[in-house]
Amino acid sequence: MRARAFFFGWLVATLAVGSASAFSQDGAADAELVKRGEYLAKAGDCAGCHTVPQGGAPFAGGLGMGSPFGTIMTSNITPDMQFGIGEYSYEEFVKALREGVARDGKHLYPAMPYPSFSKISDDDMRALYAYFMHGVQPVHKAAPPTKLPFPFSQRWALVFWNLAFTREGLYKPSPEHDAQWNRGAYLMQSLGHCGACHTPRGPAYEERGYDQSSKHYLTGGVNDHWFAPNLTGDPGSGLGRVRQHEIVAFLKGGHGGGLVTFGSMVQVVEDSTQYMSDDDLNAIAVYLKSLQAQNPSGAYAPHSRAASLTATAMHTGEVARPGSGIFMSYCAKCHQADGAGVANKYPKLAGNPAVLAADTTSLIRLVVEGGSSPETHDGPECKKMPAFAQKLTTTEIAQVLTFIRTTWGNNARPVSTRDVQTLRADIHK
Ligand code: HEC
Ligand code: HEC
Ligand code: HEC
């Protein structure tokens, strides 16, 4: 309560004193609050959805987000009085973030991750509000409206969606775990909204679980034609074999334990996790490493007989399995014949959990479209993976992916020509 009174006192003071307050004793506290809000906006990746990449004004909205209902446009959340959220009171801001209801009463589509944001603490909400009101440049421009086909255009129906699915309250610390674990759980479940991609969704687009009490939580999900893998302790396609410091490095610089960020995770690292403090990233990794293996799939047995046989055959060039020739001609120069990759440049494919994933959407899409590793301040330089849409046929793509999923001790189900065909049709490539 005291903090709240302080906040309103501060607001009134700021309005009255204006920029002069920057030099006062209170001004220092305000600047600190705004700065903390800026950090939290990074942790929540507000820019990832509300800023158009490559040159869009920060937080001015207008980024189209793919959803099963159609494309949803993000709002201008700069403090512009007419086109942004400049007129939002603190309570209205909280209502938009926690309940998905805009100032004008409009129900927001759950493409805005308010079921996760409902867990954001009051302290963090105050800092976020201070940042969006005082740390962001107003942009006097309307974001293009969302036009969905009927019946999805009926925002009022979201009232029922909310009644059915959003029951999350503030984050409740678990007394069984220490402060570091709770910090990690809080960041992932609230601001980080990691489950928005990594948790499978049910028939009404609801996330099937918002914390570790659900066996579906973070077991992998498809969003916008990218599969975000299982983050539980599954030793095959999950994080069971990835160590805490490797997870931290992956989130900080896009490279860790031979894995390289790709697909929709690239933006998460570029806009959000690279800015998080080492303490917060370690907290996330500690929390992730505590998650019991769920929904296991794929396996890695590098010392098996089959693995050593292929190793010898690749060495002597006598591999006759479908896909092996394609791999040697098109992939091995970066990923290496033994699938070990090159540290800080090209990911390993042997034992890579993303390669062993049950759902092959991301693998197919990456080979069709190519990709770039993230551009970060402290991480290794950005490297490109070429697109193979023009170089390989649909069948060849299926063969080379099957090859990398069943070689070097990797053991995951084959990829069919049909899997590749279906996805290529979906992404029009
Ligand atoms: C995963 C994408 C995503 C992220 C991350 C995200 N938003 Fe949004 N946000 C949206 C979308 C989409 C809408 C518009 C929804 C609609 O029109 O129904 C929206 C709408 C809003 C609105 C309502 C504005 C209005 O009046 O229309 C506010 C306020 C808002 N977001 C604030 C934030 C803040 C603050 C953060 C970071 C803590 C954030 N958002 C992160 C997708 C996102
Ligand atoms: C916009 C969707 C999206 C969001 C949000 C997201 N991820 Fe991801 N994530 C992905 C995709 C897609 C991949 C697979 C590509 C890769 O491995 O980089 C991935 C991969 C990962 C991996 C590597 C897993 C592996 O087996 O290779 C980790 C660790 C991870 N994410 C952690 C997180 C954390 C922590 C958060 C929240 C702070 C988060 N992700 C939020 C989409 C997302
Ligand atoms: C010029 C070097 C290069 C070539 C050739 C290449 N790749 Fe890649 N590959 C990369 C880079 C760089 C990444 C990281 C991409 C990203 O971050 O978007 C990557 C990522 C991957 C991944 C995801 C693994 C992870 O952890 O990021 C798979 C799977 C993959 N490549 C398979 C292939 C296959 C199959 C071929 C051949 C058809 C191939 N690559 C050819 C450079 C290459």
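The values are calculated or read from the model by the stated rules, or taken from the named source; none is laboratory data. These numbers come from a predicted model, not from an experiment. Every residue, glycine as well, gets a Cβ built from its backbone with ideal geometry; the counts of neighbours run over all protein chains shown.
Within the stretch 28-84, can you find the residues that are of a type in the set (A, V, I, L, M, F, W, C), assigned to a helix (DSSP H, G or I) and crowded, with 17+ Cβ neighbours inside 10 Å? L33, V34, L40, A41, A43, C46, A47, C49 - these are the residues of the stretch 28-84 that are of a type in the set (A, V, I, L, M, F, W, C), assigned to a helix (DSSP H, G or I) and crowded, with 17+ Cβ neighbours inside 10 Å. Residues that are more than 25 Å from the chain's Cα centre (by Cα), in contact (Cβ under 8 Å) with a residue 24 or more places away in the chain and surrounded by fewer than 20 Cβ atoms within 10 Å (Cβ to Cβ) within the stretch 410-429 comprise N411, R413, Q421, listed in sequence order.
Given the residues K333, K289, which is the only one that is at pLDDT 95 or above, within 16 Å of ligand 3 (Cβ to nearest atom), charged (D, E, K, R) and surrounded by fewer than 21 Cβ atoms within 10 Å (Cβ to Cβ)?
Working: K289 fails: within 16 Å of ligand 3 (Cβ to nearest atom).
None of the others qualify; the one that does is K333.
Tell me yes or no: at least one residue of the stretch 380-401 is among the hydrophobic types (A, V, I, L, M, F, W, C), more than 6 Å from ligand 3 (Cβ to nearest atom) and closer than 16 Å to G238 by Cα. The answer is no; no qualifying residue exists. Considering the stretch 216-233, the residues that are in a loop (DSSP other than H, G, I, E, B) and within 16 Å of ligand 3 (Cβ to nearest atom) include one that is farthest from N411 (Cα to Cα), namely D224. Being acidic (D, E), modelled with pLDDT of 95 or more and at negative phi is a property that E176 has. Of the residues that make up the stretch 222-229, is at least one within 15 Å of the chain's Cα centre (by Cα), closer than 18 Å to L291 by Cα, near ligand 2 (Cβ under 9 Å from one of its atoms) and aliphatic (A, V, I, L, M)? Looking through the stretch 222-229, at least one residue is within 15 Å of the chain's Cα centre (by Cα), closer than 18 Å to L291 by Cα, near ligand 2 (Cβ under 9 Å from one of its atoms) and aliphatic (A, V, I, L, M).
So for the stretch 333-352 (the condition being over 25 Å from V222 (Cβ atoms), part of a strand (DSSP E or B) and of a type in the set (A, V, I, L, M, F, W, C)), does at least one residue qualify? For the stretch 333-352, residues over 25 Å from V222 (Cβ atoms), part of a strand (DSSP E or B) and of a type in the set (A, V, I, L, M, F, W, C): present. Among the residues of the stretch 360-369, none qualifies, meaning not one is within 14 Å of ligand 2 (Cβ to nearest atom), assigned to a strand (DSSP E or B), modelled with pLDDT of 95 or more and of a type in the set (S, T, N, Q). In the stretch 182-215, of all residues being in a loop (DSSP other than H, G, I, E, B) and touching a strand residue (DSSP E or B) at 6+ places or on another chain (Cβ under 8 Å), the one that is farthest from L251 (Cα to Cα) corresponds to Y205.
Only one of the numbered conditions (1) without any contact (Cβ under 8 Å) to a residue 24 or more places away in the chain; (2) closer than 30 Å to A179 by Cβ; (3) not aliphatic (A, V, I, L, M) is violated by G253, and that is (1).
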